[in-house]
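A short write-up of the structure that comes next.
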Amino acid sequence: MKRIYIITAFLVALSLASEIAVAKIEEKDLLGLWLFDDGKGDVLKDSSGNGNDGTLINGPTWIDGKFGKALQFVSAKQQRVEIPNSDSLNPTDAITVMAWGYLEDKNGNRRFLQKSTPGSDNQYRLLLEWGNFRFDAGPGVSPKEIDVPIFSVQEWHHVAGVYDGAEIALYIDGEKAGSKAAKGQMIPSTGPIFLGTKWANAPEGDYWNGAIDEIAVIGRGVTEEEVKEAMQGFETMFAIEPAGKTAVTWGKIKSD
């Protein structure tokens, strides 16, 4: 009888370990996913299924990126992508914002992404702030921001800001670079998301100066393991039809 108990306990533990090991970002978690693999035109397609497509403004250039294609932004030309507001882009309990970025310099307040009412930093944003990477979950969260120094420029870095309702954290290249206990409800706004700036006609120093690839907005706080998985590219996690097709097909790729 004792042997049966031991075997049963082992199987239960193995089952729990397996569930933890396979935990990963799922389609239902995605609020917006921009792969930047369109490669041409003035529209940046959203692959989350939520229809949050963006419009290229002032001609950011399609280039080869970290995965497939990317967009090159020149701050002096005020180049950006604008994504209209939608309910799907206004989480209140938790959020993760992640992106690949290539910066030419450490100057200014360069935005990967910002969602807020134009003229106010009143929602979430991921950016370079005078030599530090910063994640800001908005004024409803306390403390709302976390900063870590940027390590280097003129090379690709993966940056992920995470707020899970209990902690705010910033991951650089898959490693947790800083965290703080935090709490509070995020406050929605009616403003659009801007990629590459904080809002239209912002000062030049608030525009991204370099390249951006694979931005995701996720409606929960992800784990360090999930950040590392996302760094391998979202097309390794999901089956997505090539850019240019009207429909987006999702299906988990089997790990075995």
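The values are calculated or read from the model by the stated rules, or taken from the named source; none is laboratory data. Bear in mind that the values here come from a model prediction, so they are computed numbers and not experimental data. Cβ placement follows ideal geometry from the backbone for every residue including glycine, while neighbour counts extend to all protein chains displayed.
From Glu175, Glu204, Glu226, Glu235, which residue is charged (D, E, K, R) and touching a Phe, Trp or Tyr at 6+ places or on another chain (Cβ under 8 Å)?
Glu235
Could you count how many residues in the stretch 83-133 are in contact with a Pro (Cβ under 9 Å, 6 or more places away or on another chain), part of a loop (DSSP other than H, G, I, E, B) and charged (D, E, K, R)?
Summing the residues that are in contact with a Pro (Cβ under 9 Å, 6 or more places away or on another chain), part of a loop (DSSP other than H, G, I, E, B) and charged (D, E, K, R) in the stretch 83-133 gives 1.
Residue check: is Ser142 hydroxyl-bearing (Ser, Thr, Tyr) and either within 16 Å of Ala211 (Cα to Cα) or crowded, with 24+ Cβ neighbours inside 10 Å (or both)?
So Ser142 does not fit the description; no.
If I ask for residues that are touching a strand residue (DSSP E or B) at 6+ places or on another chain (Cβ under 8 Å) and part of a loop (DSSP other than H, G, I, E, B), which ones from the stretch 203-225 would you list?
Tyr207, Trp208, Asn209, Gly219, Arg220, Gly221, Val222, listed by residue number.
Against the definition (out of contact with any Pro (no Cβ under 8 Å at 6 or more places or on another chain), within 29 Å of Thr55 (Cα to Cα) and either surrounded by 15 or more Cβ atoms within 10 Å (Cβ to Cβ) or among the polar types (S, T, N, Q) (or both)), how does Asp136 come out, yes or no?
Considered against the rule, which asks whether it is out of contact with any Pro (no Cβ under 8 Å at 6 or more places or on another chain), within 29 Å of Thr55 (Cα to Cα) and either surrounded by 15 or more Cβ atoms within 10 Å (Cβ to Cβ) or among the polar types (S, T, N, Q) (or both), Asp136 comes out as yes.
So, in the stretch 137-147, of the ones that are under 17 Å from the mean Cα position of the chain (by Cα) and of a type in the set (A, V, I, L, M), which residue ends up farthest from Ile187 (Cα to Cα)?
Ile146
Is it the case that Trp199 is at pLDDT 95 or above, under 21 Å from Leu127 (Cβ atoms) and in a loop (DSSP other than H, G, I, E, B)?
no
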